[in-house]
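Before any comments, here is the structure.
The values are calculated or read from the model by the stated rules, or taken from the named source; none is laboratory data. Being a predicted model, the structure only gives us computed values, none of them experimental. Cβ atoms come from the backbone with ideal geometry, glycine included; neighbour counts cover every protein chain shown. Ligands, DNA and RNA are stripped out before the accessible areas are found, and what is left, the full protein with its side chains, is counted by its heavy atoms. Shrake-Rupley method; radii C 1.70, N 1.55, O 1.52, S 1.80 Å.
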Amino acid sequence: MDSKQKATVHTEDYPIGDSNIKHDARLQLGFEETHKEARNPWKVLLENKKLLLLILAVQSNAVIVGVEFSMPGNLLGIPAFLKEFGVPSGSSWAVEARVLTIWSAVFAAFQVLGQFAGGFQSDYFGRRICLYSVIFWTYLGVVLEVISTDWKMWLGSKIVIGFATGIMQSVVPTYVAEIAPRELRAISLSFFNMCMNIGGLFATLVTWGANNRFGSNINDLRAFRIPLYVALALPTISLIAELCILVESPWWLLMRGRKTEARKALDYMHSWEDSYDGEATMAELEYTLDKEAEVIHMAKHASYLECFKGVDLRRSFCAIFPPITQNLTGQNLAGTYATYFFVIAGSKDPLVASVITTAVGLSANFVSFFLIENKRVGRWGLLFWGLVFMTASMLAIALAAVIGHNKFTYGGGVALTFFVSLFIAASTVGPGVAGWAYTGESGSARLRAKTTTLGTVGNALVGLVMTSVLPYMLNDKDAGGTGWGAKTGFMFFILGCLCIVGVWFMIPEYAGRTYAELDELFARKVPARKFKSTVTTGEYGRELTE
């Protein structure tokens with residue numbers, strides 16, 4: 001019996017005039033829809049073409065995040081930029097460690113502020129308005145980058161861009177987690193990281209091309225201005241895409257009591273799907289929200305403090321810890337500061353090395369799509385083994401630096417590029433893909449926006465610490481640093497080992513689970529390593545229909 005038939009059977013089982021019994025029938029239908037066996041993700045993907053376009057439009061914002069995360073590090077490999085914003089260092093130029101720390105710290109601080117603002121804004125005004133606000137702040141920030149002539153003006157652009165990317169990191173995973181079918185939820189969330197990698201590769205290629213064309217003259221500012229001009233096109237593309245297809249999240253509308261509008265939004269998103277059953281889909285949303293006991297006013301009365309109470313404390317940890325393992329294990333060293341890291345290590349063409357490592361990360365991201373919903377691998381397998389290889393790569397990089405006394409020959413440079421590429425691949429499929437999936441999926445419907453915000457804020461705070469410390473650890477003593485260079489990998493090796501232990505004991509597997517099933521598993525306090533094998537009974541939600 002298909003879902004349409006089920007809807008007919010359950011609404012006819014009860015007298016039409018009795019609204020309470022009709023409500024119970026809808027909950028029963030929602031219960032059955034929620035506990036259906038998950039279908040093949042790729043079949044679901046082909047059936048939901050319009051929904052896919054909507055997710056792609058929203059995720060295009062992540063390309064901007066990738067550009068803004070990678071561009072500053074890439075520009076540090078361009079002599080004209082170093083002269084414009086730096087100081088003499090030996091026979092060349094370098095941006096002072098103090099200035100790099102201020103840029104990074106302020107960017108991260110306003111990123112955190114943006115994440116909190118995004119959580120509030122998306123809860124109060126809706127996900128759609130919040131997504132449009134991102135475009136405004138991004139335009140403003142990039143314009144400030146273009147007109148900057150000294151490090152203080154550049155700092156102003158980092159304030160605005162940091163705020164914009166913070167809002168973006170808060171609202172995009174929340175929106176995508178709410179609209180994606182459960183079979184595509186992790187793939188859709190992991191696409192955020194892939195779009196960030198696309199943005200990073202784009203930024204690196206544009207910077208490399210501009211430097212090759214204009215970089216021979218250290219006084220030619222086009223070497224770094226042109227990449228900034230190109231970056232202005234990205235928010236325009238996102239704006240056009242969202243104006244064409246963006247609709248408010250049905251979850252948010254339903255939580256606000258706007259049931260008719262929620263149904264219209266669902267019908268719009270699934271209008272190209274032949275097998276779509278609006279009654280059953282709507283009943284599933286209502287069941288999940290009713291099961292948490294506060295259908296209309298729950299988002300209004302929820303506070304961040306509730307994320308740290310009872311079962312929600314554990315859910316918050318599962319949203320926060322997986323993504324921050326990326327920064328704790330060295331992402332800023334091999335990712336954000338990749339080009340600068342290669343410069344410090346003596347690479348002959350640091351931008352080319354960055355292009356190679358970014359392309360490897362993008363390829364790894366594509367491979368992860370086939371693994372994240374695989375029940376043998378899943379989110380946890382990608383996260384755990386990704387951290388293992390990341391930690392091993394950091395140890396190898398540090399040992400190579402010790403052997404070569406922080407000076408790399410051609411062979412050493414090749415080895416350095418290999419281990420950084422291995423790290424980036426592991427980081428992408430591990431914390432990069434699986435980590436953000438946990439951030440978007442871990443929170444209950446009532447606290448989802450706030451839990452997602454905590455996950456992104458936690459990641460930003462750890463990133464703030466790392467980006468503040470790394471310039472001092474990487475830079476030579478002439479530029480105000482400690483001269484550790486690649487030996488900084490030892491610190492990330494130790495932190496990586498601790499992250500591996502934490503993931504083993506604390507982080508469960510979500511693959512193939514509906515939100516209602518996750519609610520039950522958390523409510524029953526099932527140990528992390530038993531989530532995958534535990535059979536849900538439905539008793540946690542069935543009480544609503546009794």
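Quick notes
- So SER216, is it under 24 Å from the mean Cα position of the chain (by Cα) and among the polar types (S, T, N, Q): no
- Any chance ARG185 is within 23 Å of LEU54 (Cα to Cα) and modelled with pLDDT of 90 or more: no
- Residue check for GLY512: outside any helix (DSSP H, G or I) and more than 18 Å from LEU333 (Cβ to Cβ): yes
- Residue check for ARG213: without any contact (Cβ under 8 Å) to a residue 40 or more places away in the chain, assigned to a helix (DSSP H, G or I) and open to solvent by 20 Å² or more (accessible area, probe 1.4 Å): yes
- Pairs linking a residue in segment 185-199 that is more than 12 Å from PRO431 (Cα to Cα) to a residue that is among the charged types (D, E, K, R) and not in a helix (DSSP H, G or I), with Cβ atoms under 6 Å and 6 or more positions apart or on different chains, are ALA186/GLU373.
Yes or no, residue by residue, for (1) of a type in the set (Asp, Glu); (2) in a helix (DSSP H, G or I); (3) crowded, with 21+ Cβ neighbours inside 10 Å:
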| site | (1), (2), (3) |
| --- | --- |
| SER190 | no, yes, yes |
| MET196 | no, yes, yes |
| THR204 | no, yes, yes |
| PRO227 | no, yes, yes |
| SER238 | no, yes, yes |
| CYS244 | no, yes, no |
| TYR276 | no, no, no |
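- Some residue of segment 394-401 being part of a loop (DSSP other than H, G, I, E, B), surrounded by 24 or more Cβ atoms within 10 Å (Cβ to Cβ), modelled with pLDDT of 75 or more and under 25 Å from the mean Cα position of the chain (by Cα): no
- All of THR174, THR101, THR149, THR138 fail the test of being closer than 30 Å to GLY77 by Cβ and crowded, with 24+ Cβ neighbours inside 10 Å, apart from THR138.
- Any chance TRP154 is in a helix (DSSP H, G or I), free of Cβ contacts under 8 Å to residues at least 40 places away in the same chain and over 22 Å from ALA265 (Cα atoms): no
- Under the condition of being in a loop (DSSP other than H, G, I, E, B), surrounded by 15 or more Cβ atoms within 10 Å (Cβ to Cβ) and either on the phi > 0 side of the Ramachandran plot or out of contact with any Lys or Arg (no Cβ under 7 Å at 6 or more places or on another chain) (or both), the residues counted in segment 216-225 number 2.
- Residue check for GLY404: at pLDDT below 70, open to solvent by 10 Å² or more (accessible area, probe 1.4 Å) and either in contact with a Lys or Arg (Cβ under 9 Å, 6 or more places away or on another chain) or of a type in the set (Ser, Thr, Tyr) (or both): no
- Selection status of GLU183, more than 25 Å from MET466 (Cα to Cα) and touching a Pro at 6+ places or on another chain (Cβ under 7 Å): yes
- The C-beta contact set for segment 82-108 (first residue modelled with pLDDT under 80, second residue charged (D, E, K, R), distance under 6 angstrom, 6+ apart or interchain) comprises VAL87/GLU96; SER89/ASP478.
- When TYR132 is tested against (1) at pLDDT 90 or above; (2) over 22 Å from LEU56 (Cβ atoms); (3) surrounded by fewer than 20 Cβ atoms within 10 Å (Cβ to Cβ), only condition (2) is not met.
- Residue pairs meeting the criteria (Cβ under 6 Å; at least 6 apart or on separate chains; first within 15 Å of LEU521 (Cβ to Cβ) and of a type in the set (D, E, K, R), in segment 309-323; second open to solvent by 40 Å² or more (accessible area, probe 1.4 Å) and modelled with pLDDT under 95): ASP312/GLU306
- Within segment 106-129, being open to solvent by 30 Å² or more (accessible area, probe 1.4 Å) and outside any helix (DSSP H, G or I) holds for one residue alone: PHE125.
- Counted residues, segment 407-454 - those being open to solvent by 10 Å² or more (accessible area, probe 1.4 Å), of a type in the set (Val, Ile, Thr) and modelled with pLDDT under 85: 3
- Total residues in segment 80-98, condition open to solvent by 50 Å² or more (accessible area, probe 1.4 Å), part of a helix (DSSP H, G or I) and either within 18 Å of ARG222 (Cβ to Cβ) or in contact with a Phe, Trp or Tyr (Cβ under 7 Å, 6 or more places away or on another chain) (or both): 2
- Residue satisfying all of: in segment 467-502; among the β-branched types (Val, Ile, Thr) and either over 24 Å from LEU82 (Cβ atoms) or touching a helix residue (DSSP H, G or I) at 6+ places or on another chain (Cβ under 7 Å) (or both); modelled with the lowest pLDDT among these: THR482
- The residues of segment 246-255 that are open to solvent by less than 20 Å² (accessible area, probe 1.4 Å), outside any helix (DSSP H, G or I) and not hydrophobic (A, V, I, L, M, F, W, C) amount to a single one, SER249.
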